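The values are calculated or read from the model by the stated rules, or taken from the named source; none is laboratory data. Please read all numbers here as calculations on a predicted model, not as lab measurements. No Cβ is skipped: glycine too gets one built from the backbone with ideal geometry, and neighbour counts run over all protein chains shown.
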Amino acid sequence: MGTLTSLGEDLFVVDGPTVRDLGIPFDTRMSIARLGDGAIWISSPVATSYAVLAAITALGPVRYLVSPTPRHYWRLARWHTLFPRAELWSSPITPVTLKDGDLPLTGLLGDPLPEAWTPDLEHVVLGDALLRESVFYHAPSRTLLVEDVIQVHELLPGHPVSNAVFRLSGLMAPDGGVSRDIRLTFFDRRAAREAVRKILDWPFRTVVLAHGPIVTRQAKAFVARAFDWLL
Ligand SMILES: [Fe+2]
């Protein structure tokens with residue numbers, strides 16, 4: 001089970017357990033930002049230990065639980081039980097949203113973001129009707145938070161099927177990328193290109209992937225390479 005790890009100015013990550021989707025194992029990671037007013041904002045919360053929960057609550061009041069991709073919506077349910085007063089925010093619900101019951105959402109992610117989140121956080125919505133991910137930029141730590149749209153998977157000894165799926169999807173380490181099925185959901189290529197250009201305009205130095213490593217070297221080149229098929 002992961003520990004609470006600081007990534008710089010008021011940004012933290014915790015690695016979660018491996019979860020399975022259609023039998024394929026995925027590493028998980030959540031990101032935690034302490035906003036300017038002291039509130040704690042958590043993206044894609046994961047199952048964790050009591051020690052980590054205690055460390056998070058010591059940072060400040062947990063006020064926002066966020067699923068920036070329809071595929072992580074289910075992860076809000078347990079955390080909503082733990083922090084019933086926290087606001088729940090999700091990317092738009094679509095046929096591919098992985099739900100675990102109906103949750104009392106405060107809102108759907110779009111523009112503008114709640115005022116309390118800015119100026120610490122900005123986002124760009126990437127994708128179309130099926131799969132819309134909010135890619136967040138945490139300005140104080142100059143970090144980009146990416147959930148599903150870019151992934152990097154290591155070769156898993158003894159998992160030939162998973163390895164084949166990741167290889168065919170174009171997600172294998174060291175480079176990973178945007179999976180071929182997600183690329184197919186980008187119907188409006190021009191809008192997607194514009195969104196990626198906005199992302200690349202942010203002066204980020206670090207990329208946190210929910211499914212993959214934390215990229216601290218040549219972060220911008222890493223993102224540009226992941227979208228070279230689009231740009
Ligand atoms: Fe995911």
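Of the helices (runs of 4 or more DSSP H) that lie entirely inside the range 129-231, those containing 1 or more residues that are within 15 Å of the ligand (Cβ to nearest atom) and closer than 21 Å to VAL66 by Cβ span 180-184.
Total residues in the range 208-231 satisfying the condition of being among the aliphatic types (A, V, I, L, M), surrounded by fewer than 16 Cβ atoms within 10 Å (Cβ to Cβ) and closer than 16 Å to MET172 by Cβ: the figure is 0.
For the range 112-128, residues that are within 16 Å of the ligand (Cβ to nearest atom) and modelled with pLDDT of 95 or more total 1. All of (1) touching a residue at least 60 places away in the same chain (Cβ under 8 Å); (2) of a type outside the set (A, V, I, L, M); (3) out of contact with any strand residue (DSSP E or B) (no Cβ under 7 Å at 6 or more places or on another chain) hold for SER49 with one exception: (1). Checked against (1) farther than 21 Å from ARG75 by Cβ; (2) touching a residue at least 40 places away in the same chain (Cβ under 8 Å), SER169 meets all criteria but (2). Residues of the range 44-57 that are within 14 Å of PHE83 (Cα to Cα) and of a type in the set (A, V, I, L, M): VAL46, ALA47, LEU53, ALA54, ILE56. Residues in the range 55-91 that are over 16 Å from MET30 (Cβ atoms) and within 16 Å of the ligand (Cβ to nearest atom): PRO70 only. If the condition is being in contact with a Gly (Cβ under 9 Å, 6 or more places away or on another chain) and within 14 Å of the ligand (Cβ to nearest atom), then the range 18-41 contributes ASP27, THR28, ARG29, MET30. Scanning the range 84-99 for residues that are buried (at least 22 other Cβ atoms within 10 Å of the Cβ) and not small (Gly, Ala, Ser) turns up just one, TRP89.
Put simply, of ASP15, ASP102 the only residue that is surrounded by fewer than 20 Cβ atoms within 10 Å (Cβ to Cβ) and at pLDDT below 95 is ASP102.
Of all the criteria given as (1) without any contact (Cβ under 8 Å) to a residue 24 or more places away in the chain; (2) on the phi > 0 side of the Ramachandran plot; (3) within 12 Å of the ligand (Cβ to nearest atom), the one not satisfied by SER44 is (1).
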